[in-house]
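Peer 1: Structure below; questions to follow.
The values are calculated or read from the model by the stated rules, or taken from the named source; none is laboratory data. It should be emphasised that the depicted structure is a prediction, and the values quoted were computed from it without experimental measurement. All Cβ positions, glycine included, derive from the backbone under ideal geometry; neighbour counts span all protein chains shown.
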Amino acid sequence: MKMELVNLNKSFQDVSAVKNLNLKVNDGELVAFLGPSGCGKTTTLLTIAGIYKPTSGDIFFDGERVNSLQPKERDIGMVFQSYALYPHMNAYQNIVFSLVLKKRPKEEMQREAKRVSDMLGIGHLLDRKASQLSGGQQQRVALARALIKQPKLLLFDEPLSNLDARLRMSMREEIRRLQTNLGITSVYVTHDQVEAMTMADRVAVMHNGDLLAYVTPEELHERPRTLFIGQFIGSPSMNILDAQLKSIDGSLHIKLTDGTTLPIPGERTPKSCKDGDMVKFGIRPEDVKLDSNGSVRGKVTFIESLGREHLIVSNIGEQRMQLLTEPGNKISLDSNINISVDMRKAQFFDAETGLTLLWE
Amino acid sequence: MKIKDYSIKSLPYIFLIIISSPIFIGYLWVFLRTFTRSMYGMRPTGGFTLNNWALILKDPILWNLVGNTFILALGLTIGILLISSAAAYPLSRMAFRGRKIYLSLSLILHAFPSVTLLIAIFFVLRWISAIPIFGRGLPLIGGFGYNTLGGVLLVSIAFMLPLGIWLMKGFFDNISWDIERAALIDGCSRFRTWRQILLPQIRPGLAALGIFAFMHGWSSFIIPYTFMVDARTAVMSTYLNLLTSGDRPIDYGVASAVALFQLLPILFFYLFTQKYLLKIFSGGMKGGS
Amino acid sequence: MRKAKKNNVVSTQETLSLTRIRPKITWFWFLLPSSIIMVVFFFIPVILTLLISGTNMSTTTGLTGYQWVGFANYKNLLNYPDTFRKLWLTIRYVFLTLVLFNIGLALLISLITTHIPKKAGAFFRAIWLLPRITPVVIYTFMWQILAAAPPHGIINTLIFEPLGLSTTNLIPQYPFFFIVVVNGFIGTSFGMIIFTSAIESIRKDIMVSSLVDGASTLQRIRYIILPQLRWPLLFATTYQTLSLLTSYEQILVLTGGNFGTEVWALWAFNLALNNYYGNFQYGIGSTIATMLVLIGLILSTVYMRFFKFDELVQEPKIDVL
């Protein structure tokens, strides 16, 4: 099923939670809504579900306007962060509840329950109450409950954020596998960028009710359209430094606040800029290396072990730069280091508007 | 030193026992008196007897009263649970115009001393009496007008309703929104969500309010006393009032037996459901004093 | 492209509105029973009380033969010598019960029962809830026994007789004392519950650190507990004032209003509904009730605003009806 949001607005009292959202989801696609809490992503999801009425704008399912349809008439399945299992029913009753409401025959219920519970590997848990299930099991039951209706659209509201890290990884794969196999169009709300980046076909980044970007995960990482996205995507987050454009010997350089200059490769030339303009220079920590020949000099202010790597925070003049190194390096606090920067990965943003100076 | 320590430590207990003694003594006296022929103060003088109990248990009036009181208590329980849980649902969880005003009004009524309205309610009940059948032609409760058990029941429900609505609203407020959303997406109507998904989750709340309502109805005095003409055929409280305040000399043995008889279910509930009841007392006590 | 879509929008809207003629007013059905009850037993009676207070309606006039007398009832009331005597009685009764029991004793019991072992504390608090849950007639009957003349009266046989004091029924002798005590023993539990839960909710670390600082029990009560009880104290005081001012059930059962114990609320009730001679004075009874109703309405509205109960309202997180 194709889903489209046209000029969608939702406000509560005077607070605008979703602002003029336009977005299309293709048939069979999994789209992640990514953003910090309070950005309007869950509100959008609940508006698609019909739980909230849009303040203005339209929602189309396969070209048909569904604004005034009740949630139950929308042919959707939804999975919640809190699992939202009915606590007074056992897993089986939870799963078949929608069929009970449709007054389906008992054999069909049992058959369908078997189908979805086999799919999710919860066949042995069916007579347990919600309170007797672990978080992961509860979420599987919730997923089964959403799938048994054979919905045309699946909605996920941070389904994994109450699970522990390891379970989260396996559920991530499982959901993605099920979704691809069944080909159900899905909208997946999350604040976890790894989840969004690894699962989604396209990621919609939301902030304060605005849609900031709606592109593939790769695009999002490699070609951030705004400073916010650049910093929001990737962990540890992108270094942002104030810099000035400077033409040296006919080739464009940036000059950092401590006076260091770095050449800009041709394909990364900031658009519609001139010599002397101030820009925001962005570079990811993984693209910065310790290098005794490096032209940038910094002073180590903090070292943090991330397990496989060390995160080193250094000051370059007055500005902060984070970089990743192998743990073997013997670097001590307050020592001076030389750094090389892979300028082929540089990002440039307008100093005032925060918009990219590189990408369309 | 040690003796002084003890006396300081026992001081709070001594104070509590002295100040609570009227309550202990009152209960003890009623209990003793039902099994004795006579007493001099706290001292049983006439010897053990079951006569008092035999007398009242053989009395058809008593059983009639028990029936009435039970109907009143049960009616109040069912009525208050149904009406307040229905009203509290949209007040807690639906968006509609006038919701806040309705809530504020019921809150004002919750604090409002409803007994001041008894005079006017007397007239309202007389009007209801004039309605055929509904007013005074129903089996069991007589109708809903003046001098009927149904009328007393309606007024009792009304007086407890603001409390019921606010308690129930509090319970509904605590249910997760996601569960209700899931039910709506699964295909429930709001009515069905209320009935099949939400009510089962506030069972402890329903139990607490239900027990409270039952005890309240079982004890009720002022409303039946005001709106039933013959105190003997009204409820147990009005009957006991008649036994203990009439112009005739009081038969303390019989009165105590009636009192203890009425008290037993109350004490039973109180013993086993104290935790529930405390919730209600602290959540929204009113009336009495 | 855009245009085509717009047409599409309109047409689907029309078909949908056809299937959906009836507006969704689910909330209305849920609220209907309680609304009817509130209108019939609260709003109509409030207005009716006001209206009747403007008539001379009584048993003599019958329920139909009354006349409008305007504010005559109110004027007459001012001229009764009884009015101010009963008002003064009511004020003394409310004030003393409140200070001695509903607040004073309640606070004392809360403080003591939270400073002795938990089980003992809970036991005594459970005892003090008994007067509230005991049916009022039985509860009052117990006090009548306590106060009765020998051979029944417990106070007389246990205390007064051994001391050789005169022994008669104590209620007619000390009626005011008894209405205060009888109501006070019920009222104490309200404050007791509120204060106890407030004391128990004081953060443990504050209590512990005060112990570490070497505070004695009394110092801790004075400097840690009482300041935190300001709000519950204010709530109990205001709430119980209104409650005491308008309740009369216990006095009705204990004395019927005899021996100079007829407070205003009982006076109105006796005049209009509980007259020995069968001469029911609806007009003047309603006049007194009107004043209590007005006080009740004003105070309960003020409470709601003052204690910000209206802020307990959360916004619904579902739009569908």
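Peer 1: Mind counting the residues in the range B:212-243 that are among the small types (G, A, S), within 15 Å of the chain's Cα centre (by Cα) and under 18 Å from C:L252 (Cβ atoms)?
Peer 2: Number of matching residues: 3.
Peer 1: Another one. Looking only at helices (runs of 4 or more DSSP H) that fall completely inside the range C:168-284, which ones have 2 or more residues that are touching a residue at least 40 places away in the same chain (Cβ under 8 Å)?
Peer 2: Numbers: elements: C:170-173, C:175-200, C:204-212, C:217-220, C:230-246, C:249-254, C:264-273.
Those helices (runs of 4 or more DSSP H) span C:170-173, C:175-200, C:230-246, C:249-254, C:264-273.
Peer 1: Which condition from (1) under 17 Å from A:G294 (Cα atoms); (2) out of contact with any Lys or Arg (no Cβ under 8 Å at 6 or more places or on another chain) is the one that A:I254 breaks?
Peer 2: Every listed condition holds for A:I254 apart from (2).
Peer 1: Sticking with this structure for a sec: Quick check on my filter: what residues within the range C:27-72 are small (G, A, S) and either surrounded by 13 or more Cβ atoms within 10 Å (Cβ to Cβ) or over 17 Å from C:L271 (Cα atoms) (or both)?
Peer 2: Applying the first criterion (small (G, A, S)) to the range C:27-72 yields C:34-35, C:53-54, C:58, C:62, C:65, C:70, C:72.
Hits for the range C:27-72 are C:S34, C:S35, C:S53, C:G54, C:S58, C:G65, C:G70, C:A72.
Peer 1: State all residues of the range B:131-162 that are assigned to a helix (DSSP H, G or I), within 12 Å of chain C (Cβ to nearest Cβ) and not β-branched (V, I, T); if no residue qualifies, say none.
Peer 2: B:G151, B:L153, B:L154, B:S156, B:A158, B:F159, B:M160, B:L161, B:P162
Peer 1: Somewhere in the range B:50-73, is a residue assigned by TED's automatic domain parsing to the domain that holds B:L240, among the aromatic types (F, W, Y), in contact (Cβ under 8 Å) with a residue 12 or more places away in the chain and surrounded by 22 or more Cβ atoms within 10 Å (Cβ to Cβ)?
Peer 2: Checked against the condition, which is being assigned by TED's automatic domain parsing to the domain that holds B:L240, among the aromatic types (F, W, Y), in contact (Cβ under 8 Å) with a residue 12 or more places away in the chain and surrounded by 22 or more Cβ atoms within 10 Å (Cβ to Cβ), the range B:50-73 yields no hits at all.
Peer 1: Any idea which of B:I185, B:I83 is under 25 Å from the mean Cα position of the chain (by Cα), at pLDDT 90 or above and at the interface with another protein chain (Cβ under 7 Å from one of its Cβ atoms)? Let's see the steps before the verdict.
Peer 2: Working: B:I185 fails: under 25 Å from the mean Cα position of the chain (by Cα).
That would be B:I83, the only listed residue that is under 25 Å from the mean Cα position of the chain (by Cα), at pLDDT 90 or above and at the interface with another protein chain (Cβ under 7 Å from one of its Cβ atoms).
Peer 1: Out of the range A:62-94, which residues are facing another protein chain (nearest Cβ under 10 Å), outside any loop (DSSP other than H, G, I, E, B) and in contact with a helix residue (DSSP H, G or I) (Cβ under 9 Å, 6 or more places away or on another chain)?
Peer 2: A:E64, A:R65, A:P71, A:K72, A:I76, A:G77, A:M78, A:V79, A:N94
Peer 1: Take the residues of the range A:303-350 that are of a type in the set (G, A, S) and at pLDDT 90 or above: which is farthest from A:F232 (Cα to Cα)? Let's see the steps before the verdict.
Peer 2: Of the residues in the range A:303-350, the ones of a type in the set (G, A, S) are A:305, A:307, A:314, A:317, A:328, A:332, A:335, A:340, A:346.
Subsequent filtering for residues that are at pLDDT 90 or above retains A:340, A:346.
Numbers: A:S340: 24, A:A346: 16 Å.
Taking the candidates together, the pick is A:S340.
Peer 1: Kindly evaluate B:L199 against the criterion of being assigned to a helix (DSSP H, G or I), closer than 18 Å to B:A158 by Cα, more than 11 Å from chain C (Cβ to nearest Cβ) and more than 10 Å from the chain's Cα centre (by Cα).
Peer 2: Working: assigned to a helix (DSSP H, G or I): yes; closer than 18 Å to B:A158 by Cα: no; more than 11 Å from chain C (Cβ to nearest Cβ): yes; more than 10 Å from the chain's Cα centre (by Cα): yes.
Here the answer is no, as B:L199 does not meet what is asked.
Peer 1: Among the residues that make up the range A:301-315, is at least one of them more than 31 Å from the chain's Cα centre (by Cα) and surrounded by 13 or more Cβ atoms within 10 Å (Cβ to Cβ)?
Peer 2: Of the residues in the range A:301-315, the ones more than 31 Å from the chain's Cα centre (by Cα) are none.
No, the range A:301-315 contains no residue that is more than 31 Å from the chain's Cα centre (by Cα) and surrounded by 13 or more Cβ atoms within 10 Å (Cβ to Cβ).
Peer 1: Hey, among the residues in the range B:87-102 that are crowded, with 22+ Cβ neighbours inside 10 Å and at the interface with chain C (Cβ under 7 Å from one of its Cβ atoms), which one's nearest to B:E180 (Cα to Cα)?
Peer 2: We begin by selecting, within the range B:87-102, every residue crowded, with 22+ Cβ neighbours inside 10 Å; these are B:87-93.
Filter once more, keeping what is at the interface with chain C (Cβ under 7 Å from one of its Cβ atoms): B:87, B:89-90, B:93.
On the way: B:A87: 17, B:Y89: 12, B:P90: 13, B:R93: 10 Å.
Checking each candidate, the answer is B:R93.
Peer 1: Quickly run through the range B:236-260 and pick out the residues that are aliphatic (A, V, I, L, M), more than 10 Å from C:V137 (Cβ to Cβ) and in contact (Cβ under 8 Å) with a residue 40 or more places away in the chain.
Peer 2: B:V254, B:A257, B:L260
Peer 1: Next up: Working only within the range C:165-183, note down all residues that are crowded, with 24+ Cβ neighbours inside 10 Å and either farther than 19 Å from C:T246 by Cα or facing chain B (nearest Cβ under 8 Å) (or both).
Peer 2: C:N183
Peer 1: Scan the range C:15-38 residue by residue and report those that are farther than 15 Å from B:W194 by Cβ and at pLDDT 85 or above.
Peer 2: C:S35, C:I36, C:I37, C:M38
Peer 1: Please go through the range A:58-93 and pick out each residue that is of a type in the set (S, T, N, Q), in contact with a Lys or Arg (Cβ under 8 Å, 6 or more places away or on another chain) and closer than 30 Å to B:P204 by Cα. Working first, answer last.
Peer 2: Start the filter on the range A:58-93 by keeping residues that are of a type in the set (S, T, N, Q), which leaves A:67-68, A:70, A:81-82, A:90, A:93.
Next cut, in contact with a Lys or Arg (Cβ under 8 Å, 6 or more places away or on another chain) only: A:67-68, A:90.
If the condition is that a residue be of a type in the set (S, T, N, Q), in contact with a Lys or Arg (Cβ under 8 Å, 6 or more places away or on another chain) and closer than 30 Å to B:P204 by Cα, then A:N90 is the only one that fits.
Peer 1: What pairs can you find where one residue is in the range B:198-213 and at positive phi and assigned by TED's automatic domain parsing to the domain that holds B:A73, the other is at pLDDT below 90 and in a helix (DSSP H, G or I), and their Cβ atoms are less than 9 Å apart, with a gap of 6+ or different chains?
Peer 2: none
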